[in-house]
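**Student:** Handing you a structure now.
The values are calculated or read from the model by the stated rules, or taken from the named source; none is laboratory data. Since the model is a prediction, treat every value here as computed from it, not as a measurement. Positions of Cβ are generated from backbone atoms using ideal geometry, with glycine treated the same way; all protein chains shown enter the neighbour counts.
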Amino acid sequence: MDQSNKAFCEALIKSLRGDRGHLPIKNALLDIDMALAGKRREELPYSIYQLVKHMTYWQDFLLLSAQGHKPELPSDVKESWPEEESPASEEEWQEAIQYFLQGIEKACTIAQTVQLDKPLENWPSETPGGVLRNIASHNSYHLGEIVLIRRLFSAWPPPTGGYPI
């Protein structure tokens with residue numbers, strides 16, 4: 001890997017984990033319990049649970065794409081949002097968080113092991129690096145919403161602090 005690709009790979013991994021510009025994603029999620037995950041207010045279109053499930057949906061889709069697969073797009077973007085506002089149990093919620101975070105680590109592994117600038121066979125206008133960058137930006141966008149929801153429910157900052165470490 002040449003120096004420019006190595007630098008891009010390192011920056012991409014930091015972005016995927018949330019180590020650039022905001023706190024690590026895991027720090028904003030790990031202390032959320034089932035009750036907070038499912039809380040809603042009338043003016044909010046979704047709960048933290050719904051956000052995490054939506055982020056996971058697209059992260060899974062894009063991870064498949066980055067690995068050269070061609071997943072089928074949903075017929076409607078609504079399919080990427082769960083109808084349930086909250087998890088059925090604390091165990092389900094913790095599993096959802098862990099699955100999402102494992103997806104981030106999978107994205108980091110892909111970043112370290114593939115040629116990031118090679119066009120994808122099934123998506124020639126895109127590269128693995130571009131797809132992984134899309135995961136990072138999509139997750140970052142919704143992480144901001146999660147932080148805002150936490151603030152609205154007086155559940156911010158997390159025990160790790162509300163700023164990058």
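**Student:** If we scan the stretch 30-37, do we find a residue that is out of contact with any Leu (no Cβ under 9 Å at 6 or more places or on another chain) and over 21 Å from residue 97 (Cα atoms)?
**Tutor:** Looking for residues that are out of contact with any Leu (no Cβ under 9 Å at 6 or more places or on another chain) and over 21 Å from residue 97 (Cα atoms), one finds none in the stretch 30-37, hence no.
**Student:** Additional query: Looking only at the stretch 86-115, which residues are hydrophobic (A, V, I, L, M, F, W, C), closer than 30 Å to residue 11 by Cβ and over 11 Å from the mean Cα position of the chain (by Cα)?
**Tutor:** Initial filter on the stretch 86-115 (hydrophobic (A, V, I, L, M, F, W, C)): 88, 93, 96-97, 100-101, 104, 107-108, 110-111, 114.
Narrowing further to those that are closer than 30 Å to residue 11 by Cβ: 96-97, 100-101, 104, 107-108, 110-111, 114.
96, 108, 110, 111, 114 - these are the residues of the stretch 86-115 that are hydrophobic (A, V, I, L, M, F, W, C), closer than 30 Å to residue 11 by Cβ and over 11 Å from the mean Cα position of the chain (by Cα).
**Student:** Is there a residue in the stretch 55-65 that is on the phi > 0 side of the Ramachandran plot and surrounded by fewer than 17 Cβ atoms within 10 Å (Cβ to Cβ)? Full working, then the answer.
**Tutor:** Pass one, the stretch 55-65, residues on the phi > 0 side of the Ramachandran plot: none.
Scanning the stretch 55-65, I find no residue that is on the phi > 0 side of the Ramachandran plot and surrounded by fewer than 17 Cβ atoms within 10 Å (Cβ to Cβ), so the answer is no.
**Student:** Here's a follow-up. Name every residue in the stretch 77-99 that is among the aromatic types (Phe, Trp, Tyr) and within 21 Å of residue 30 (Cβ to Cβ), in order of residue number. Quick ask: steps written out before the conclusion?
**Tutor:** Kept after step one, since they are among the aromatic types (Phe, Trp, Tyr), are these residues of the stretch 77-99: 81, 93, 99.
Those that are among the aromatic types (Phe, Trp, Tyr) and within 21 Å of residue 30 (Cβ to Cβ): 93, 99.
**Student:** Moving to a separate point now. I'd like the residue in the stretch 66-98 that is hydrophobic (A, V, I, L, M, F, W, C) and loosely packed, with under 13 Cβ neighbours inside 10 Å and, out of all such residues, is farthest from residue 122 (Cα to Cα).
**Tutor:** Checked the stretch 66-98; the qualifying residue farthest from residue 122 (Cα to Cα) is 88.
**Student:** Do we have any residue at all in the stretch 50-59 that's at pLDDT 95 or above and within 18 Å of residue 127 (Cα to Cα)?
**Tutor:** Pass one, the stretch 50-59, residues at pLDDT 95 or above: 50-59.
Then keep just the ones that are within 18 Å of residue 127 (Cα to Cα); that gives 58-59.
Within the stretch 50-59, one or more residues are at pLDDT 95 or above and within 18 Å of residue 127 (Cα to Cα).
**Student:** A further question follows. Can you tell which of 124, 164 is within 12 Å of residue 25 (Cα to Cα), of a type outside the set (S, T, N, Q) and at pLDDT below 95?
**Tutor:** The conditions single out 164.
**Student:** Would you check if residue 16 is in a helix (DSSP H, G or I), among the hydrophobic types (A, V, I, L, M, F, W, C), at pLDDT 95 or above and closer than 18 Å to residue 134 by Cβ?
**Tutor:** yes
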